[in-house]
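Note sheet for the following structure.
Here, each number is a calculation from the coordinates, and none is a lab measurement. Because the structure is predicted, anything quoted here is derived from the model rather than measured. As a convention, Cβ positions derive from the backbone with ideal geometry for all residues, glycine included, and neighbour counts pool all protein chains shown.
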Amino acid sequence: MKVFSKIYMGLVFALLYAPILVLVIYSFNEAGELGSFSRVSLYWYRQLFRDAKAFESLKNSLFLAVTSSVLATVIGTFAALGLDRMRRRYIRNAIMSVTNIPMMNPDIVTGVSMMLFFVASASILGLASPLGRTSMIIAHTTFNIPYVILSVRPRFLQMDRNLTEAALDLGCTPSRAFFKVELPFITPGIISGLIMGFTLSLDDFVISHFVSSPDFQTLPLYIYNQTAHQVKFSMYALCTLIILSILILLLIINFAGTFGETNNNKILKLKRKESRS
Amino acid sequence: MRSSVRHRSLLERAAAAPHVVWAILFIVAPLLFVIYFAMTDAEGNITLKNLASLADYSNIFLLSVSFAFIATLICLLLGYPLAYFMSRASKPARRALLLLLMLPMWISLLIRTYSLMALLDNGGLLNTLLVSLGFERIKIIGTGGAVILGMIYDFLPYMVLPIFTVLTKLDPRYIEAAADLGCNGLQVLGRVILPLSLPGVISGITMVFVPSISTFYISQKLGGGAFELIGDTIERQFQHPSTYHTGAAISLVMMILIIISVAIMNRFSDNGGGFVV
């Protein structure tokens, strides 16, 4: 059984990684075809780096990911705070249901609905081109907010309310108590929401496909357009670079996870100290 | 002191306001636009013509549902054992396996589909290998099987992760108790583990079925244009303003069908499932 489970896991993971590995290996193939591997070179990487459009779309992608994730983190964190303090349950449930819509809906419906919204409201307001940078920022922020709320809200739910009250009793002003006690506790949630939003934005293709314009292309859109008709080996190189960055990012997040735990430990220690005194 | 507490609660109550405004503007309003476009013609008159014309697309609906259904079923059959074996692994091994599972989820769908194409294409690696071994070339890209394979390959991790999460949380004492009470291995699986992991299975099914049924990239790339799924139809309708209304009608029907089926699925499990990002 033990052996069988190892073989099974090995097989499925091999299937999962085989295509990715082929892509990575052949990005170094100077011949530029899958039929033969001539020699290892960075030829396709050089081709890629000569492509100004690739850089332009990378720049757009990063700008969009930073803007939309920061915006979503601010709105989402405040929303989580507001939801936490909300007394009436039905209002809270109503807000949460609406918040969950973009996560439940297929991306294509979200994309299409936003496109119709932008096109229709631009024609009502008399704007010339509704789609572009602004519509992309709005769309990406919109699908990021639910994920920020999803990662910040549990921190509020897990928090021991006595801590805040203790801070108030010990003479903190309410806002000081929030910054000294509550904010450190929810920070890991805020960070993971921010990172998640950043990566979701970088990754998104379907929604962007509907709300972007040719003059504001992101990396996934660029890849889509480049691979529409033929196989391009500079795209293999680009994909390899992206995979590498994701790997690094994932390792950092693992590290950030332990950072969150240490933060929790700090709070636990504080709690213990408090109970002693 | 008292007034400062009151002031604080006012501020806190307003904290969710930006999110509420944002959600109404960019989640609710776009969906209303989808409904509006689905129910009107180009002149803005209310009509049911768009919805009635959907009968022409029933074959596409049927094909999409069956493709997504087969892909989801295979993902479940392939993914459940994987999740189970992963959850039985030692703790450090589990962490590493989880990272292995998450990495493909973070790599863009576009890149993964593209890498699968590199493997399966007519001039791809698999066919090159077959020819050099003296076999006939097999045509994979452009068959229904390739599209289903693409869905399985792209979405398998989304099936495994929620099941794995539930199985890891499962108290091993239940299994011991069942064994003590005379269950054999198969009975433990059928009567204890499977029923207890149902929430994970349900959310896994949702997370594979919804993107499978709404995809257009996979069918474009791997179907070689031979298969039109609902996603392709919607995408095509939104390339020209004249067909926005039909596109909106198709999107609306798809959204309603998905929301109904997700709601039914969630009925089967007590909570929304074990998936936490």
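A straight line joining the Cα centroids of the stretch A:88-108 and the stretch B:138-199 runs 28 Å.
For the stretch A:71-276, the Kirkwood estimate of hydrodynamic radius, built from reciprocal distances between every pair of different alpha carbons, is 19.8 Å.
Full extension of the chain between A:L250 and A:N162 yields a length gain of 28.2 nm, computed as 0.36 nm times the residue separation minus the alpha carbon distance.
Modelled this way, with points 7 Å down the Cα-to-C-beta line, the labels at A:E56 and B:L194 are 5.7 nm from one another. Would you mind counting up the charge near A:R92? Only other residues with Cβ under 15 Å from its Cβ, with Lys and Arg at +1 and Asp and Glu at -1. Summing Lys and Arg as +1 and Asp and Glu as -1 gives +4.
Filter the cross-link list A:K53/B:K139; B:K91/B:K169; B:K49/B:K221; A:K6/B:K221; A:K6/B:K91; A:K59/B:K221 down to pairs whose alpha-carbon distance in this structure exceeds 23 Å.
Working: A:K53/B:K139 34 Å; B:K91/B:K169 13 Å; B:K49/B:K221 32 Å; A:K6/B:K221 33 Å; A:K6/B:K91 15 Å; A:K59/B:K221 26 Å.
As for pairs spanning more than 23 Å Cα to Cα, those are A:K53/B:K139; B:K49/B:K221; A:K6/B:K221; A:K59/B:K221.
Each other residue within a Cβ distance under 11 Å of B:I107 adds +1 if Lys or Arg and -1 if Asp or Glu, for a net charge of -1. Spherically averaged projected area of the convex hull of Cα atoms, the stretch B:224-270: 4.4 nm².
Look at the stretch B:115-125: the mean tally of other chain Cβ atoms within 10 Å of its residues' Cβ atoms is 5. Taking 0.36 nm per residue of separation and subtracting the current Cα-Cα distance, fully stretching the chain between B:L130 and B:A29 would add 31.0 nm. Here r is the Cβ-Cβ distance between B:I259 and B:L181 and R0 is 41 Å; the resulting FRET efficiency, rounded to 0.05, is 0.50.
Could you give the C-alpha radius of gyration of the protein assembly as shown expressed as a fraction of 2.2 N^0.38 Å, taking N as the number of residues it contains? Intermediate results must be reported in sequence, preceding the final value.
On the way: Rg = 25.2 Å, N = 554, 2.2 N^0.38 = 24.3 Å.
After normalising by residue count via 2.2 N^0.38 Å, the value is 1.04.
When each of B:I205, B:I111, A:I25, A:I138 is scored by the number of other beta-carbon atoms lying within 10 Å, the sequence from fewest to most is A:I25, A:I138, B:I205, B:I111.
Counting only helical runs of four or more DSSP H residues, what would the 222 nm mean residue ellipticity of the protein assembly as shown come to if each run contributes -39,500 (n - 2.57) and the total is spread over all its residues?
Numbers: 27 runs with 417 residues, N = 554.
Dividing the helical sum by the residues of the protein assembly as shown leaves -25000 deg cm²/dmol.
With a 10 Å cut-off around each Cβ of A:77-85, the average count of Cβ atoms from other chains is 5.
GNM on chain B, alpha-carbon springs under 10 angstrom: the most fluctuating residue among B:L222, B:L129, B:L73 is B:L129. What the Kirkwood sum gives for chain B is a hydrodynamic radius of 22.2 Å, with every pair of different alpha carbons counted. The ranking of A:L11, A:L168 from fewest to most other beta carbons within 10 Å of each one's beta carbon is A:L11, A:L168. A straight line joining the Cα centroids of the stretch B:201-244 and the stretch B:23-64 runs 16 Å.
Fully extended, how many nm does the chain gain between B:M102 and B:L48 (0.36 nm per residue separation, minus their Cα-Cα distance)?
Working: separation 54, 0.36 × 54 = 19.44 nm, distance 4.46 nm.
Gain on extension, B:M102 to B:L48, equals 15.0 nm.
Could you put A:V231, A:V152, B:V34 in order, starting from the residue whose Cβ has the fewest other Cβ atoms within 10 Å?
Ascending Cβ contact count within 10 Å gives the list A:V231, B:V34, A:V152.
Give me the count of lysine pairs in the stretch A:71-276 whose alpha carbons sit under 21 angstrom apart, restricted to pairs 8 or more positions apart or on different chains. Don't skip to the end; give the middle numbers.
Working: A:K180/A:K266; A:K180/A:K269; A:K180/A:K271; A:K180/A:K273.
Count of close lysine pairs: 4.
Using a Förster distance of 25 Å, how high is the FRET efficiency between A:Y17 and A:R39, based on the Cβ-Cβ distance and rounded to 0.05? Please report the intermediate quantities before stating the final value.
Details: r = 24 Å, r/R0 = 0.97.
Calculated transfer efficiency: 0.55.
Highest GNM mean-square fluctuation among B:V65, B:V210, B:V28, for chain B modelled with Cα contacts below 10 Å: B:V28. Within the listed set B:A93, B:A38, B:A83, the residue fluctuating most in the Gaussian network model of chain B (springs between alpha-carbon atoms under 10 angstrom) is B:A93.
Projected label points at A:I25 and B:K169, each 7 Å from Cα along the beta carbon direction, are separated by 4.0 nanometres.
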